[in-house]
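Okay, structure first, notes after.
Derivation of every value follows stated rules applied to the coordinates shown; laboratory data play no part. Here the structure is a predicted model, which is why all the values come from computation and not from measurement. Methodologically, a virtual Cβ is constructed for each residue, glycine included, from the backbone with ideal geometry; neighbour enumeration extends over all protein chains shown.
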């Protein structure tokens, strides 16, 4: 009866006679030798759920003694530590968390502006040309020279209306004062 044990990241893959099962590493409470060549893997769910392996049947990892097999299984349970915690690393992580908080705050402000029904009513309308109307959408109080506008161009040709957006999108990254020079699609 051939048995293999593989380190599968967060779990151990134990294959016996072609049937595989995965045991999550965090479930394993203890790995011990219980009789001459028998290893018990205690997964903390009671005696009937423990896993018993005979070292003589285990082909991978190949070991000469039951003690070596036990040690190899225990080594598979070890997580790779990529360094140790230091005060400098903690300060760096705290800085990154603060940066993320700022980004999330900015995103929340943009989402809130959308909740303000920004696209339902333009904040500015330019009807200075008889056949072209520019609609400017932005958060209330936005400066006309700031790149915070979504600009729509409405053109009337032979009674047919055409609706286009600056840059081909509704992104709030256009300048209202540049509306006539922008490319619409």
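Peptides 121-128, 18-25: what's the order by average Cβ count within 10 Å, highest mean first?
Packing order, densest peptide first, comes out as 121-128, 18-25.
Rounded to the nearest 0.05, what FRET efficiency do residue 128 and residue 104 have when you use their Cβ-Cβ distance and R0 = 35 Å?
On the way: r = 40 Å, r/R0 = 1.15.
Efficiency, from the Cβ-Cβ distance: 0.30.
Only Cα pairs within less than 10 Å get springs; with that Gaussian network setup on the chain, which residue of 17, 135, 99 has the largest fluctuation?
17
Under the 0.36 nm per residue contour assumption, what length would be gained going from the current alpha-carbon distance of residue 111 and residue 146 to full extension?
10.7 nm
Evaluate the relative contact order of the chain (contact order divided by residue number), counting alpha-carbon pairs under 8 angstrom at least 6 apart; express in whole percent.
Computed over the chain, the figure is 11 percent.
Between segment 127-185 and segment 8-83, what is the separation of their alpha carbon centroids in Å?
Value for the Cα centre distance between the two parts: 66 Å.
Report the extension gain between residue 49 and residue 17 in nm, rounded to one decimal, defined as 0.36 nm multiplied by the number of residues separating them, less their alpha carbon distance.
Numbers: separation 32, 0.36 × 32 = 11.52 nm, distance 1.89 nm.
Extra length available between residue 49 and residue 17 comes to 9.6 nm.
How large are Rg and Dmax for segment 124-178 when only the alpha carbon atoms are used, in Å?
Radius of gyration, then largest Cα-Cα span, for segment 124-178: 11.5, 36 Å.
Which order do 137, 52, 120 fall in if you start with the one that has the fewest other Cβ atoms within 10 Å?
Placing the least packed residue first, the sequence is 120, 52, 137.
When averaged across all projection directions, what area in nm² does the alpha-carbon convex hull of the chain cover?
Its average projected convex-hull area is 21.3 nm².
Report the Cα-based extents of segment 3-77 along its three principal axes, largest first, to the nearest Å.
28, 23, 23
So what is the calculated 222 nm ellipticity per residue for the chain, using -39500 (n - 2.57) for each DSSP H run with n of 4 or more, over all residues, to the nearest 500 deg cm²/dmol? Please list the in-between numbers first.
Details: 2 runs with 41 residues, N = 185.
Computed mean residue ellipticity for the chain: -7500 deg cm²/dmol.
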